[in-house]
Amino acid sequence: MMPLPGWTQDAPKQGGDIVVTYKDDIATLDPAIGYDWTNWSMIKSLYSRLMDYKPGTAELIPSLAESFEVSPDGQTYTFKMHKGVKFSNGREVKAADVKWSIERAVNPKTQGPGAGFFGAIAGFDDLSGGKSETLSGIETPDDYTVVFKLSRPDATFLHVLAINFASVVPKEAVEAAGGDFGKKPVGSGAFVLKDWVIGQKMVFARNPDYFVKDTPHIDGFTVEIGQEPLVALLRLQKGEVDIAGDGVPPAKFLEVKNGPDGANILVDGEQLHTGYITLNVKVKPFDNVKVRQAVNMAINKERITRILNGRATPATQPLPPLMPGYDKSYTGYAYDVEGAKKLLAEAGFKDGFETILYSTNTDPQPRIAQAIQQDLAAVGIKAEVRSLAQSNVIAAGGTEGEAPMIWSGGMAWIADFPDPSNFYGPILGCAGAVQGGWNWSWYCNPEIDKRAVAADSMSDPAKAAERQAAWGKIFTDIMADAPWVPVTNERRVVAKSLRMGGEGNIYIDPTRVINYDAIWVK
């Protein structure tokens, strides 16, 4: 479109250090393990991958790759890498590093949540099953060429090579860190970690050797840990903080939005998000489908959206409304207290039962957990709420038999990339129901897993609509088994100081959350 007269899009300026706040400490900066909203952005900026995205969009672009080719059958991908890219320890990044890093992400000994993304690479079953230490389907004919041989086509494969789990790390630094690489990261991204005082602050500085010209724009950023979202927001309004990482507490949202600087402080946009309650099928009585269906009917989703001050709508299914494959005609489980009691009685729990609901302890999540607790009490279920630091909830969810119910708010799920498969594999598929995984319902349905593989094998663009429909049906069929209560689809709201420049979409970046590589100081 034509710019309006007198309207200019400022060019990004170079320089400046900024302050970002979070309440909870960062769990890890290891790209094979980190998988929450907070560390995702930082990991993206510490490491490089073969593929990446145009800032603020979900449009794929080559990154460490200079160019790539895909065979007509969709089962061989050949990447030519940039020469002269350096890790922050000074060594050049080579093809063997790409191979080793992905093998490390898949290796069950790593206990990372992202192994399943690489399931189409030949040799995956041998490595994940402990029969091999390598992936036969990754070949390195020379130092700057990586060839992937797939055992089946995968419509998402280029996205897979852009996610954090495909980040390239130097073997010698991982081995030297002896299990502590998540605290001593070495990568080839736009920033390096300079200092980390656990529980207090992290300091990131521009990587002077970064291979992308004029990136990043800022000289560095300091992450201050331990600040309540309300305090962070007040400091931001005074100019002491540049990005309030935990967003705006719902109680303050309208006040800030309608305030004098509201339009310049708030970035408010759609995101591919669903907030849900996991019902752990390996913990009694959630092994009983009628109990899970009853809990779906017991939750008053409208009330929870009111706690979020209109920044969310009630969810009916795992996929968010903007995701391809979302089924508009599927209405899900209606809020029905009497119906829920009837199902519980049929399941042998006419007097209800006691259980535990986990939640993070950052506002507004404990308040939402209390609303869920009250809804459960109304059908006779007594749930104790455990509000913990985010990393503790994630650890409980990824430990078999530990967390009967988890409210995912503040943690999950924002899409890693805009494809329906991303709401299945890591969080509802068998690949995610592992130690350290993010499938916290521990639901594993082999028949649905087969259908998921079949849907992703439709890599021909001409079959895109058929593939989306196949995915949509997978999610509505899963709802009959009710491993989740889908609760909300929430908008992303970020607060930034008046001195921060750039389009809003780099502060609510669809694949990075905050895009530290692209933001700048006016």
Å² of accessible area per residue within the chain, as computed with a 1.4 Å probe and no ligands counted: 39
For the range 382-464, radius of gyration divided by Kirkwood radius, i.e. Rg to Rh on alpha-carbons: 1.05
Size of charge dipole - the range 284-324 - debye, nearest 20, with Cβ of Lys, Arg +1 and Asp, Glu -1, no other charges: 100
Positive-end residue of Thr511, Ala395, Ser497, charge dipole of the range 365-522 with Cβ unit charges: Ser497
Stokes-Einstein diffusion coefficient of the range 295-346, Kirkwood radius over Cα pairs, 25 °C, 0.890 mPa s, in µm²/s: 197
Peptides ranked, highest mean first, by Cβ atoms within 10 Å: ranges 37-46, 91-100: 37-46, 91-100
The range 358-502: Rg to Rh, with Rh as the Kirkwood radius over Cα pairs: 1.02
Fraction of accessible area attributable to carbon and sulfur, the chain (%, probe 1.4 Å): 52
D_trans [Stokes-Einstein, Kirkwood Rh over alpha-carbon pairs] for the range 25-117, 4 °C, 1.567 mPa s, µm² s⁻¹: 87
Unsatisfied cross-links (Cα-Cα over 30 Å) in the set Lys94/Lys131; Lys109/Lys184; Lys54/Lys238: Lys54/Lys238
Inter-label distance for Asp125 and Ala454, nm, one decimal - labels placed 7 Å from Cα along Cα-to-Cβ: 1.8
Two-site FRET efficiency, Ile61 against Val289, from Cβ-Cβ distance with R₀ of 30 Å, rounded to 0.05: 0.10
Distance (nanometres) between label positions extended 7 Å along Cα→Cβ at Lys86 and Ala176: 1.4
Under 11 Å, Cβ to Cβ, from Gly504 - net charge with Lys/Arg +1 and Asp/Glu -1: -1
Over the range 128-273 - Rg/Rh using Cα atoms and the Kirkwood inverse-distance radius: 1.06
Cross-link table Lys23/Lys257; Lys80/Lys450; Lys83/Lys171; Lys301/Lys450, entries beyond 28 Å C-alpha to C-alpha: Lys80/Lys450; Lys301/Lys450
Rh (Kirkwood; distinct C-alpha pairs) - the chain, Å: 23.7
Inter-part distance where the range 383-405 and the range 74-149 are each reduced to a Cα centre, Å: 32
Derived scalar couplings ³J(HN,Hα) [the range 71-80; Karplus, 6.51 cos²θ - 1.76 cosθ + 1.60; whole Hz; x for Gly, Pro]: 5, x, 7, x, 10, 10, 10, 10, 10, 9
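The values are calculated or read from the model by the stated rules, or taken from the named source; none is laboratory data. Here the structure is a predicted model, which means the values were calculated and not measured. Every residue, glycine among them, receives a Cβ derived from its backbone with ideal geometry; neighbour counts consider all protein chains shown. The area values use the complete protein model at the heavy-atom level, side chains included, leaving out ligands, DNA and RNA. Shrake-Rupley method; radii C 1.70, N 1.55, O 1.52, S 1.80 Å.
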